[in-house]
Amino acid sequence: MRLPATYLSTLTMLIVTAVFWVSTVQADTNLFPRPAALEHNVRFWLRVYTEVDTKSGFIHDSENLAVVYETVYLGENTRDNKKIIKAAKEKYIAILKRLAQGKRNNLTKQEERVLMMWGKGVDNGRLKRAASSLRFQLGQSNRFKDGVARSGEWNHYIKKVFRELGLPPELTILPHVESSFNPKAYSSAGAAGIWQFTRGTGRRFMKIDYIVDERMDPFAATVAAAQLLKLNHETTGTWPLALTAYNHGAASMRRATKQLGTTDIATIVRKYNGRAFGFASRNFYVSFLAALEVSRDPEKFYGPIKMALPFDYAQVELDNYLVVDSFARAFGTNLETLKRHNRALMAPVWNGQKRIPKGYKVRIPRDQMSGEPSRLLASIPASERFNEQTPDLFHKVVRGDTVSEIARRYGHSIRDIAQMNGLNRRYSIRIGETLRLPVNSLAAVAAAAVSHPGVDPAVVADATPVTSSSTSDVTSVRADVAPAEFNLAKAVDEGDASTTGTTAMQSGNRTSLLADPADYAVAGNNTIEVQAAETIGHFAEWLDVRASRLRQINKLRYGVPVAMGQVLKLDFSVVEKGVFEGRRLAFQKSMQEAFFMNHQVRSTKPHKVAPGESIWRLSTQTYKVPLWLLRQYNPDLNINHVKPGTVLTIPELVET
């Protein structure tokens, strides 16, 4: 019997679709495996994202996520909620301690229920450990649902950018984990925007200062996130590790694979004992898998969702510096509309202290403009166009200064000064540091100089870069307190993801060297690998020992410099490893952040090493890329022995 042509066509289409679907699922499984050993963890995050909202949460075991003791319901008062959580934890700690002492008879219903969760064969030692590993996880279902709706505004653009860079489409759902697609998200660790970039990592790929912070712009930050994820994959080799590196750093993931001899994510999650590899980092990949499942069919979990729609934007590139009010008047719009669509512009622009920078592309919805963009821009009078940015005022910090006192002296708010200088939430400043001040009235400067004759007054100056306390690891509030020592573990500590922040995972205090795959930790045998710009003198200074001592234990002749990649043995007789690592990190952080204040990585390209070419020549002459940055994009390269034919990844820089 001959089948109708239309039937055959339909059947063929169904077969092709089925084959495509199967191949896609297979590709997903290969790129983003869901190991059986981690299935309990994935199911836990599915429950967090779909069962409990931010008015409730789980008391659970932090190691075995299959063990959820209770759902706790919260109220409106933060202090009361802390008491509720504490009481619930104490209840289960007491139960677990009784069971850990061997109690198996005459159990209460609660004790019996807890014991059943662990299985009757559980030993007392495991129960004792469980008593010290209770944790509270705040629910996220309402945030995730709201994030699904919000994501409609940027999904098309995000998918386009990731597709152009050849990245798997699954990665585009990562903002669900990071921020619930909240463009205003700002963590206690200083991570900002839907992709939650820290200042240090973000500066590699975006413009970040007190006038423009592209982390807050979903469009610019999307390009940066794609570049970082691509770099992470090139550095770690697998997408599960690349994703975990997004939270914890590529160096840590490389260290984990070397320590355990595998790239298997399940093994690393269960066995890697990195000092800062805490709950959030350990669960980042599984939370991504859970978010991926929810995002594929959100209405299955939440019911109908009204998705936000993308805007049709006109992008108006400015050929002068403009006060934002001038732009708004010319385009027949208001500041709220402009602020809604130009999130990268910071408060000094909106309050008139700074002008919109020349070259900035202002986004404005086409249906909210009163005419053709170029004509409207040309209508701005010459008297309202400027060739330079509004000048800054600077104040040099002296002993006894505090941010609050400086703000009062010059008639500004603490928040303004903190924002302009990238200060942390403790408003830490250092003696000798130069702070930017808002320019409102030169009369305030004169008055401050008269009332405080012994203090260096602020001066008007051009907008030269100023290194703020955000580039120093300082924990003091008053300027006459010495800086505290920095600790590597704290530098990448994720914090408590249970109760605060805007995201489900709260990445917390990530190091500013997150995008740097170089390993700055001390190995178990007290050795380190020499990194960029480091010398014997640096190591001696950070260790509080003489350089001759380091040369002696490493059998190095005087005058012979150490080379990048060289392994050195160190002497920790004076300072602890954590102190050394902190000083080393602070040095690298300062050097790299200073570079990225004036440069950004826009893209990468391959270079095949030709006979006679050296890394030094390629770095300093051909591409003008610092050797340390070139090493970061080629972490497995022996920088001192490169064979012809080796393909290098070259970061392409632009000046900012």
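All of the numbers you see were taken from the coordinates with simple rules; none came from a lab. Not measured: the values here are computed from a predicted model. Note that each Cβ is placed from the backbone with ideal geometry, even for glycine, and that neighbours are counted across all protein chains shown.
Structure above, values below:
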{"read-out": "Cα-based reach from residue 145 at 22 Å (exclusive), listing lysines while leaving out same-chain residues under 8 positions away", "value": "55, 159, 184, 300, 306"}
{"read-out": "Reachable lysines, given that their alpha-carbon falls under 22 Å from the alpha-carbon of residue 608 and they are not under 8 places away in the same chain", "value": "230, 624, 643"}
{"read-out": "Dipole moment magnitude, nearest 20 debye, the stretch 598-655 about Cα centre, only Lys, Arg, Asp, Glu C-beta charged", "value": "80"}
{"read-out": "Gained length - residue 86 relative to residue 297, 0.36 nm times residue gap less alpha-carbon distance", "value": "72.4 nm"}
{"read-out": "Anisotropy class of the stretch 293-437 from Cα gyration tensor, a/c 1.5 cut", "value": "oblate"}
{"read-out": "Coordinate range along principal axes, alpha carbons of the stretch 527-595, Å, largest first", "value": "34, 25, 16"}
{"read-out": "Computed lengthening from residue 66 to residue 164, 0.36 nm per intervening residue step minus Cα-Cα distance", "value": "31.4 nm"}
{"read-out": "Vicinal HN-Hα couplings computed from phi for the stretch 336-345 (Karplus, 6.51 cos²θ - 1.76 cosθ + 1.60; Hz; Gly/Pro x)", "value": "4, 5, 4, 5, 4, 10, 9, 5, 6, 6"}
{"read-out": "Cα gyration tensor category, rounded, prolate or oblate, for the stretch 16-164 with a/c compared to 1.5", "value": "oblate"}
{"read-out": "Per-pair calculated FRET efficiency, R0 = 25 Å: residue 76 and residue 109 via Cβ, rounded to 0.05", "value": "0.20"}
{"read-out": "Per-pair calculated FRET efficiency, R0 = 25 Å: residue 366 and residue 146 via Cβ, rounded to 0.05", "value": "0.40"}
{"read-out": "Estimated FRET transfer efficiency when R0 is 25 angstrom, pair residue 654-residue 311 (beta carbons, to 0.05)", "value": "0.40"}
{"read-out": "Percentage relative contact order, the stretch 307-433, counting C-alpha pairs under 8 Å, at least six apart", "value": "29"}
{"read-out": "Sequence-separation-based contact order of the stretch 527-595, relative, with Cα cut under 8 Å and 6+ spacing, percent", "value": "40"}
{"read-out": "Distance between modelled label sites at residue 188 and residue 603, nm, 7 Å Cα→Cβ extension", "value": "4.2"}
{"read-out": "Pair residue 319, residue 384: separation of 7 Å Cα→Cβ label points (nm)", "value": "1.7"}
{"read-out": "Rg/Rg_globular for the stretch 321-402, with Rg_globular taken as 2.2 N^0.38 Å and Rg from C-alpha atoms", "value": "1.32"}
